[in-house]
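Enquirer: A single structure is presented below for examination.
Derivation of every value follows stated rules applied to the coordinates shown; laboratory data play no part. Bear in mind the structure is a predicted one, so any value in this text is a computation, not a measurement. Glycine gets a Cβ as well: all are built from the backbone with ideal geometry, and neighbour counts include every protein chain shown.
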Ligand SMILES: NC(=O)c1ccc[n+]([C@@H]2O[C@H](COP(=O)([O-])OP(=O)(O)OC[C@H]3O[C@@H](n4cnc5c(N)ncnc54)[C@H](OP(=O)(O)O)[C@@H]3O)[C@@H](O)[C@H]2O)c1
């Protein structure tokens, strides 16, 4: 019987992956969530009865127990970890010595061609390892509009994003998890790389208009220049790797690299990915004044 280890099990994709896997009746696999704080994780909806193990990428003493008996690994790099050779590769060295036979890695759209992305370095490292793996490259997560931009939308009624007139095709992190579940539970995905997006590319003028309609007050697209965006985020005391990554991602959108639609979600799951308009409706309380 397979045993899955889910890293990032309390985050956007990992938590939904845990929930979807644990929902499956008569499952012929075991699921373990790798978490930094077992007690806190246990209070999260869906994890109350889950098998959880204490795990920190940068704490080697937690690795062996977390990997005990594991055959498949979901690897998620936490956003704040940018020096992957120091914080992720030592864990991957342990994975190589373990019984893991398949790694599913959640990377990001464009990581294959963008050497400065931390996820690019993980992709390259995985290719050098002897373990079969699958790389998923999702487009931007709808959840960013809550976590990264929620406060400015609520307080300032604007989207402060340096993407010019470029398009993005947001995907719901829960849909990324649905794809991950397919990759972990169905055979034949080893050695594959999948890009996944939402259903419809939109520029931020259109996205602002969706917010305006849902919230009943005007939400503007502020469209700052990248340099102004960087200065603003520095004033907000955000970490430099985070500011650089966001600037690169929105720069890619501005240069027309984020506006495509992939059919992979439908091919793998048989259904359409969630729509942004529905996500905004579902989470409307976050942005209400
Ligand atoms: N946001 C986007 O638009 C987007 C799009 C495509 C791909 N991605 C990629 O998705 C990844 C992030 O995934 P996510 O959004 O699902 O994660 P997330 O919501 O940011 O959560 C991060 C997870 O990692 C855990 N974590 C943090 N530091 C850790 C450490 N030192 N050791 C072990 N676990 C640790 C956190 O646990 P705690 O609960 O203990 O903090 C949490 O479970 C990044 O690699 C990013 O590049 C993001």
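Enquirer: Could you give the distance between the Cα centres of segment 38-61 and segment 116-154, to the whole Å?
Expert: Each part reduced to its Cα centre gives a spacing of 21 Å.
Enquirer: Which order do the peptides 122-130, 171-179, 22-30 take when ranked by the mean count of other beta-carbon atoms within 10 Å per residue, highest first?
Expert: Values: 122-130: 14.0, 171-179: 23.1, 22-30: 10.8.
Averaged packing, sorted descending, gives the order 171-179, 122-130, 22-30.
Enquirer: Taking the chain as a Gaussian network, Cα atoms linked when under 10 Å apart, which of 139, 16, 262 shows the biggest mean-square fluctuation?
Expert: The residue that fluctuates most here is 262.
Enquirer: For segment 133-289, count the residues as N, evaluate 2.2 N^0.38 Å, and divide the Cα radius of gyration by that value, please.
Expert: 1.08
Enquirer: A follow-up question, please. Once label points are set 7 Å from the Cα along Cα→Cβ at both residue 212 and residue 239, what is their separation, rounded to one decimal in nm?
Expert: Here the modelled spin labels are 3.7 nm apart.
Enquirer: Quick check: from the Cα gyration tensor, does segment 240-289 come out rounded (a/c under 1.5), prolate or oblate?
Expert: oblate
Enquirer: Relative contact order for segment 167-266: what is it in percent, counting Cα pairs under 8 Å that are at least 6 residues apart?
Expert: Values: 86 pairs, mean separation 43.9, N = 100.
Averaging sequence separation for qualifying contacts and normalising by length gives 44 percent for segment 167-266.
Enquirer: Something else now. Please report, in whole Å, how far the alpha carbons of segment 102-198 spread along each principal axis, starting with the longest.
Expert: 49, 29, 20
Enquirer: So what is the relative contact order of segment 1-134, in percent, for Cα pairs below 8 Å that sit 6 or more residues apart? All intermediate terms of the calculation are to be shown ahead of the outcome.
Expert: Numbers: 212 pairs, mean separation 29.3, N = 134.
Result for segment 1-134 is 22 percent.
Enquirer: What FRET efficiency comes out for the pair residue 83/residue 263, r = Cβ-Cβ distance, R0 = 45 Å, nearest 0.05?
Expert: Details: r = 35 Å, r/R0 = 0.79.
Rounded to the nearest 0.05, the efficiency is 0.80.
Enquirer: Can you tell me the relative contact order of the chain? Whole percent, Cα pairs under 8 Å, sequence separation 6 or more.
Expert: Relative contact order, the chain: 18 percent.
Enquirer: Would you mind classifying segment 184-264 by shape? Square roots of the alpha carbon gyration tensor eigenvalues, ordered a ≥ b ≥ c; an a/c under 1.5 is rounded, otherwise it is prolate if a/b is larger than b/c and oblate if not. Display every interim value, and only then the final one.
Expert: Values: a/c = 2.36, a/b = 1.40, b/c = 1.68.
Oblate, because a/c is 1.5 or more while a/b does not exceed b/c.
Enquirer: Suppose each label sits 7 Å from its Cα in the direction of the beta carbon; what would the residue 199-residue 27 distance come out to in nanometres?
Expert: 2.8
Enquirer: Given R₀ = 22 Å, FRET efficiency for residue 283-residue 37 by Cβ-Cβ distance, to 0.05? All intermediate terms of the calculation are to be shown ahead of the outcome.
Expert: Numbers: r = 25 Å, r/R0 = 1.15.
That pair, residue 283 with residue 37, gives E of 0.30.
Enquirer: What whole number of Å gives the distance from the Cα centroid of segment 199-225 to the Cα centroid of segment 62-108?
Expert: Between the Cα centres of segment 62-108 and segment 199-225 lies a distance of 38 Å.
Enquirer: Per the Cauchy relation, a quarter of the hull surface: what is the mean projected area of the convex hull of the alpha carbons in the chain, in nm²?
Expert: If I average the Cα hull's projected area over directions, I get 14.9 nm².
Enquirer: Is the shape of segment 190-235 best called rounded, prolate or oblate, per the rule: a/c under 1.5 gives rounded, else a/b larger than b/c gives prolate, else oblate, with a ≥ b ≥ c the square roots of the Cα gyration tensor eigenvalues?
Expert: On the way: a/c = 3.22, a/b = 1.30, b/c = 2.47.
Oblate, because a/c is 1.5 or more while a/b does not exceed b/c.
Enquirer: Give the angle, between 0 and 90 degrees and rounded to the nearest 10, that separates the Cα long axis of helix 173-185 from the longest principal axis of the Cα atoms of the chain.
Expert: 20
Enquirer: Quick one: Kirkwood hydrodynamic radius for segment 2-138, alpha-carbon pairs, angstrom, one decimal?
Expert: Values: mean 1/r = 0.0660 Å⁻¹.
The Cα-based Kirkwood calculation yields 15.2 Å.
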